[in-house]
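Contents: one structure, followed by commentary.
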Amino acid sequence: MEKTVLKPYVLILIAVIGMIASSIGIVQNAAGVFFLPMSQSLGLGMGALAFSATLTNLLTGFSSPIAMRLLKRYSFVHVMRLGIVGASLATLGMAFSTQLWQFYTLAIIRGFSSSFFALAPVVYLIGNWFEAKQGLAMGLAMSFTGIFGAILSPVLNQVIQVTSWQMGYVV
């Protein structure tokens, strides 16, 4: 019986989907489930809390060129790990935040950190591995941002309802 081995480009596509789904699908597309319970718990306006998601998105976008330079200059894996750790710690910090300035500061850190495992490395990897089918690979990867956000939003909403919005950030 012949052993089936996945081709390297399939593994790269799976990795890219995981990166983009975790950075944009979770960090950005599922953020909205937190605003109402946070607003009620902390007495802060939903618009003010939602601005933290805007800050995350802006920082992810604006810091992507920096991330690309660092990814090309240093170890790709180490730079991505640094981003994952930074975004994870910022997200965890949000669970313990009570002031608006704390959410904004952590959103900036999370957005900057997310750029190291979001669009910049995804574009870089797809550009290097998919010569003829870059559009298809990018379309597949990007579709999972919405799919992951759609799957995770009700899961996080349930966690928040059963426990708290703080535990939602921990999860």
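The values are calculated or read from the model by the stated rules, or taken from the named source; none is laboratory data. Since the model is a prediction, treat every value here as computed from it, not as a measurement. In this analysis, Cβ positions are derived from the backbone assuming ideal geometry, glycine residues included, and neighbour counts consider all displayed protein chains. When the accessible area is computed, the model is the full protein with side chains, heavy atoms only, and any ligands, DNA or RNA have been set aside. Shrake-Rupley method; radii C 1.70, N 1.55, O 1.52, S 1.80 Å.
What order do you get for 155-166, 112-123 when each peptide is scored by the mean count of other beta carbon atoms within 10 Å, highest first? Spell out each step's value before the answer.
On the way: 155-166: 15.9, 112-123: 24.8.
Result, highest mean Cβ count within 10 Å first: 112-123, 155-166.
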Using a probe of 1.4 angstrom, how much of the accessible area of the chain is carbon and sulfur, in percent? 69
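For segment 26-140, what does the relative contact order come out to in percent, with C-alpha contacts under 8 Å and a separation of six or more? Numbers along the way, then the final one.
Details: 112 pairs, mean separation 35.1, N = 115.
RCO, segment 26-140: 31 percent.
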Positive dipole terminus of segment 1-154, leading residue within Q40, A150, Y124 (C-beta point charges): Y124
On the principal axes of its Cα set, how long, how wide and how thick is the chain? Give whole Å, largest value first. 58, 40, 24
Assuming 0.36 nm per residue, please report the length gained on full extension of the stretch A50 to M167 beyond their Cα-Cα distance. 40.3 nm
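Give me the accessible area per residue for segment 65-109, probe 1.4 Å, as a whole number in Å². Spell out each step's value before the answer.
On the way: 2790 Å² over 45 residues.
On a per-residue basis, 62 Å².
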Here the gain from full extension of Y124 to S143, 0.36 nm per residue of separation minus their alpha-carbon distance, amounts to 5.1 nm
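When the expected Rg is taken as 2.2 N^0.38 Å, what fraction or multiple of it is the alpha-carbon Rg of segment 40-127?
Details: Rg = 14.2 Å, N = 88, 2.2 N^0.38 = 12.1 Å.
Scaled against compact globular proteins, the figure is 1.17.
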Just check segment 73-123 against the gyration tensor rule for me: Cα atoms, a ≥ b ≥ c as the square roots of the eigenvalues, rounded for a/c under 1.5, and otherwise prolate or oblate depending on whether a/b exceeds b/c. prolate
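What FRET efficiency comes out for T98 versus A150 if R0 is 30 angstrom and r is the Cβ-Cβ distance? Round to the nearest 0.05.
Working: r = 30 Å, r/R0 = 1.00.
That pair, T98 with A150, gives E of 0.50.
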Identify the residues of segment 107-149 with backbone N under 12 Å of a label point that sits 7 angstrom from the Cα of K72 along the Cα-to-Cβ direction, or state none. 124
Note the angle between two axes, namely the Cα long axis of helix 134-162 and the longest principal axis of the Cα atoms of the chain, as a number of degrees from 0 to 90, rounded to the nearest 10. 30
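In debye to the nearest 20, how big a dipole does the chain give about its Cα centre with +1 on each Lys and Arg Cβ and -1 on each Asp and Glu Cβ?
Numbers: 8 positive and 2 negative charges, 78 e Å.
Here the chain has a charge dipole of around 380 debye.
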